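What follows is one structure encoded as structure tokens, with my remarks underneath.
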């Protein structure tokens, strides 16, 4: 039975490495990564050889993998990996590597997330218009235990946000006098800071998209002059700095009812004012249309507080 720390380290290794050549074992629906040529591992072994700081690194070994899957019933079984897998012991050290790489992951993560929506649209358009593409993707999904290509494209987004949990689990099973303990504490803080940056970036991006949507779908003036966007001699542009030189944010929105008339209004609370609007177009499903790019929902200013 593997010790808790070794098992936790294995989770980090699986999270951090991308297999160079692997076949999915449908029975387990998991990857077995090839880390024998990992740049991080080479740096780790180099530091260990130069300074003799960690005896565990000298025990890092690679052993052939003998597990097989039968993708082709008529042919010989295919090995899960072409090279081997890393042997992790209780004294393996990963804290310094995590501290080195986690801070630099933010920019790549943001770029990937920003391109994700367009990638989804392009993939869906290809699936809708190309029968051969649909057939290939069906074969792909069958060979990967039922996970679609879209599912694999979502994995990097989900993986980064799990690093604090994975590192914290390793830290709980690491003794305070272990050579990796302090580095792991720093790595945990780095992972938490990375997630804070990610959450803020996602929140800011969502806020910006919603403000742009309101700018397009909310009219300020009368029906004869709906383009008039002046309020109290100020030209309102939602996605901009407000009069306090602070980026405008949408904090809360929802349906409210005016008493005693029973008139239904949509309320939008910003960090500098409260706005009520009516729904111009007849729609009973405004909840599904609001903030959608292709929405036909049209709003009209009712009152500003």
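In table form, for the structure just shown:
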{"item": "Residue selected from the stretch 209-254 under the condition in contact with a helix residue (DSSP H, G or I) (Cβ under 6 Å, 6 or more places away or on another chain) and over 14 Å from residue 304 (Cα atoms), by the criterion modelled with the lowest pLDDT", "result": "239"}
{"item": "Those residues of the stretch 246-287 which are over 33 Å from the mean Cα position of the chain (by Cα), assigned to a strand (DSSP E or B) and surrounded by 15 or more Cβ atoms within 10 Å (Cβ to Cβ), in sequence order", "result": "265, 276, 277, 279"}
{"item": "Subset of the stretch 144-155 (residues that are farther than 23 Å from residue 202 by Cβ and surrounded by fewer than 14 Cβ atoms within 10 Å (Cβ to Cβ))", "result": "145, 146"}
{"item": "Residue that is over 30 Å from residue 203 (Cα atoms) and either assigned to a helix (DSSP H, G or I) or assigned by TED's automatic domain parsing to the domain that holds residue 197 (or both), where the choices are 159, 134", "result": "134"}
{"item": "Complete set of residues in the stretch 146-161 that are within 27 Å of residue 5 (Cβ to Cβ) and touching a helix residue (DSSP H, G or I) at 6+ places or on another chain (Cβ under 7 Å)", "result": "156, 159, 160, 161"}
{"item": "Residue match in the stretch 127-136 (condition: in contact (Cβ under 8 Å) with a residue 12 or more places away in the chain, surrounded by 14 or more Cβ atoms within 10 Å (Cβ to Cβ) and in contact with a helix residue (DSSP H, G or I) (Cβ under 8 Å, 6 or more places away or on another chain))", "result": "no"}
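This table checks each residue for (1) under 16 Å from residue 111 (Cα atoms); (2) surrounded by 14 or more Cβ atoms within 10 Å (Cβ to Cβ).
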{"position": "157", "(1), (2)": "yes, yes"}
{"position": "172", "(1), (2)": "no, no"}
{"position": "181", "(1), (2)": "no, yes"}
{"position": "188", "(1), (2)": "no, yes"}
{"position": "192", "(1), (2)": "no, yes"}
{"position": "200", "(1), (2)": "yes, no"}
{"position": "207", "(1), (2)": "no, yes"}
{"position": "212", "(1), (2)": "no, yes"}
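The values are calculated or read from the model by the stated rules, or taken from the named source; none is laboratory data. Owing to the predicted nature of the structure, the values given are computational and were not obtained by experimental measurement. So basically every Cβ, Gly included, is an ideal-geometry build from the backbone, and we count neighbours across all protein chains shown.
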